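Everything on this sheet refers to the single structure shown next.
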Amino acid sequence: MTENKKPCVAVVLAAGQGKRMGTSVQKQYIELEGKPMIYYALRTFQESEIIDAVVLVVGKGQVSYAENEIRLKYDFSKVRAIVEGGKERYDSVWKGLKAVDLKQEDSYIFIHDGARPFVDEGILRRGYETVERFRACVAGVPSKDTVKVADQDGFAVNTPERKYVWIIQTPQVFEKSLIMEAYARLMEEEHADVTDDAMAVERMMKLPVKMFEGSYQNVKITTPEDLEIAKVFLRTKKG
């Protein structure tokens, strides 16, 4: 990157319960080829030329564990803060944002799901280049499948053109002042139906969010089947 690169902080969310995984271990700590799942995203941020610091948001009572078994064990020196998340995703994001130690308003925040282990430097670079131009952007990939919009009774009512349908991923990247203001307003109004950070900016700030190319391997590990797919991806990368 150039010497004029603006400061960038990654807020990594690892507070989810992972109930669909069907294990007693929270999914971010499930081992994937001998290391906890959260290791892989944090390793990418640790080695990145884009990311300067990381805030890790973990589940209730897990701060000490994450400090000793994740940050210290794997020498993730860019992890500058570990904070406990909240009940909903937007609560956890807000707690993570408040822990960002950036005095400069002219900086960027990358919000990433820790259950996406295959974020890479190319995605981070594209996110940085896009947020510089558009202030708010989100990683995604064009849908490979035809998508139907259904009504409340399960009948198809619309089939959007596939070329306009994107599968949304993370990281989602924003100017610091923009995302802080969006979440401050969101927390005052408590919009429980806001399911990602782009929605917070779209709804609270009335600002369109630009898409940028993620990766079809940048999958979110939610079910045991996803875990098997992740193992294949990881072995391919090692190979």
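The values are calculated or read from the model by the stated rules, or taken from the named source; none is laboratory data. Everything numeric here is computed off the predicted structure, so don't read it as measured data. Keep in mind that these areas ignore ligands, DNA and RNA; they rest on the heavy atoms of the full protein, side chains included. Shrake-Rupley method; radii C 1.70, N 1.55, O 1.52, S 1.80 Å.
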Subject >> the chain: most fluctuating residue of V209, V79, V165 per GNM, C-alpha cutoff 10 Å >> reply: V165
**OP:** Over 31 Å, how big is the tail of the calculated P(r) for the chain, in percent of all Cα pairs?
**Re:** 21 percent
Original post:
GNM, the chain, Cα, under 10 Å: largest mean-square fluctuation among S177, S143, S215?
Top reply: S143
Original post:
Mean residue ellipticity at 222 nm from the helices of the chain, using -39,500 (n - 2.57) per DSSP H segment of n ≥ 4 over the full residue count, to the nearest 500 deg cm²/dmol?
Top reply: -10000 deg cm²/dmol
Original post:
With the chain treated as a Gaussian network of Cα nodes joined by springs under 10 Å, which of P160, P171, P142 yields the largest mean-square fluctuation?
Top reply: P160
Original post:
How large is the accessible surface per residue of region 167-239, computed with a 1.4 Å probe and reported in Å² as a whole number?
Top reply: 51 Å²
Subject >> Normalised contact order of the chain, rounded percent, pairs of Cα under 8 Å and 6 or more residues apart >> reply: 22 percent
Original post:
In region 173-239, what is the volume of the convex hull around the alpha carbon atoms, normalised per residue and reported in Å³?
Top reply: 121 Å³
**OP:** Just tell me which lysines come within less than 25 Å, Cα to Cα, of K78; anything on the same chain fewer than 8 places away is out.
**Re:** K5, K6, K27, K35, K60, K95, K98, K103, K176, K220, K237, K238
